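Enquirer: This is the structure, below, for whatever I ask next.
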Amino acid sequence: MNKLLTIGLVALSARAYTQTPPAELWVGANVTVAFQNQWQWHNDAGYRTNGVNLIPHQYLYRTGIRKIFSTKWHAAAGAAFFSTRISYNKADHEFGNEYRAWQEVNHQYEWKNGFSLQNRFRAEERFFEEVSTRDAYKALRLRYRVGLTKRFAEKWTVQVADEYMRQLQQKQFLYNQNRTLVSLGHDLKKHVQLQAVYIWQQRPTGSQHILALLFQKTITADGNKN
């Protein structure tokens with residue numbers, strides 16, 4: 001009996017140690033190169049922690065080409081690379097690689113008094129390499145995001161948004177996650193913005209509170225960084 005109790009306690013302790021932490025920190029940078037003919041080269045990179053500390057849980061890089069059709073419509077497509085720790089156990093140093101192809105369509109509607117409404121639909125073809133805990137697999141994830149932005153005091157913006165995701169994997173199209181966020185952005189200078197973001201991330205296994213700091217910059221093709 002004592003032996004069985006010890007095994008149970010060890011298993012419970014291991015599960016608690018490797019479960020999803022209640023909070024994470026995200027840091028990201030988004031650099032866009034804008035061309036005169038309404039084309040853009042999109043780049044963003046990120047670092048996500050394993051809990052509220054500096055221990056890495058995920059690295060990412062996303063790139064793509066965007067076409068501006070009008071002040072309301074634009075679309076983009078590209079590729080992405082993610083390297084993610086296979087568990088939240090801090091003693092586990094193995095990372096697994098994921099490669100993505102992505103496509104998106106965006107619509108923005110400008111209202112009076114500095115308000116704007118954004119809608120984004122994104123599709124992601126996801127390819128996961130084999131790791132010690134699972135075989136390689138692939139999935140298709142669909143994401144819909146709606147956001148309301150308000151510009152105030154010339155250099156400040158606040159946004160409230162929600163993004164819903166479903167994933168097709170092994171012939172099952174299931175709920176993947178939902179992200180609700182509030183962000184505050186400040187224009188450091190023309191085409192340069194710093195954003196502080198709170199995200200409530202909900203998954204079938206639980207939810208997380210995420211604090212993110214994002215740097216955004218646009219560079220024109222003639223090299224004028226402004």
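Enquirer: Restricting the range 112-136 to residues that are in contact with a strand residue (DSSP E or B) (Cβ under 7 Å, 6 or more places away or on another chain) and open to solvent by 70 Å² or more (accessible area, probe 1.4 Å), which is nearest to K189 (Cα to Cα)?
Expert: F115
Enquirer: Filter the range 169-226 down to the residues that are assigned to a loop (DSSP other than H, G, I, E, B) and of a type in the set (D, E, K, R), then identify the one that is surrounded by the fewest Cβ atoms within 10 Å (Cβ to Cβ).
Expert: Among those residues, the one meeting the criterion is K171.
Enquirer: Looking at A161, A139 in this structure, which one is within 20 Å of Y61 (Cα to Cα) and open to solvent by less than 50 Å² (accessible area, probe 1.4 Å)?
Expert: Step by step, each of A161, A139 is checked, and only A139 is within 20 Å of Y61 (Cα to Cα) and open to solvent by less than 50 Å² (accessible area, probe 1.4 Å).
Enquirer: Hey, can you tell me all the residues within the range 81-116 that are among the polar types (S, T, N, Q) and at pLDDT below 95?
Expert: Within the range 81-116, S87, N89, N113 qualify.
Enquirer: Could you check, for the range 144-152, whether at least one of its residues is exposed (fewer than 14 other Cβ atoms within 10 Å of the Cβ), free of Cβ contacts under 8 Å to residues at least 24 places away in the same chain, in contact with a strand residue (DSSP E or B) (Cβ under 8 Å, 6 or more places away or on another chain) and not β-branched (V, I, T)?
Expert: Among the residues of the range 144-152, not one is exposed (fewer than 14 other Cβ atoms within 10 Å of the Cβ), free of Cβ contacts under 8 Å to residues at least 24 places away in the same chain, in contact with a strand residue (DSSP E or B) (Cβ under 8 Å, 6 or more places away or on another chain) and not β-branched (V, I, T), which makes the answer no.
Enquirer: One residue is enough: does the range 132-151 have a residue meeting the conditions of a type in the set (A, V, I, L, M) and within 21 Å of Q216 (Cβ to Cβ)?
Expert: Within the range 132-151, one or more residues are of a type in the set (A, V, I, L, M) and within 21 Å of Q216 (Cβ to Cβ).
Enquirer: Please determine, by comparing only the residues of the range 123-143 that are in contact with a Lys or Arg (Cβ under 8 Å, 6 or more places away or on another chain), touching a residue at least 24 places away in the same chain (Cβ under 8 Å) and not basic (K, R), which one is nearest to A161 (Cα to Cα).
Expert: Per the criteria, the residue is L142.
The values are calculated or read from the model by the stated rules, or taken from the named source; none is laboratory data. Not measured: the values here are computed from a predicted model. Heads up, the Cβs are rebuilt from the backbone with ideal geometry, glycines too, and the neighbour counts pull from every protein chain shown. Side chains are part of the model used for accessible areas, which takes the heavy atoms of the whole protein and leaves out ligands, DNA and RNA. Shrake-Rupley method; radii C 1.70, N 1.55, O 1.52, S 1.80 Å.
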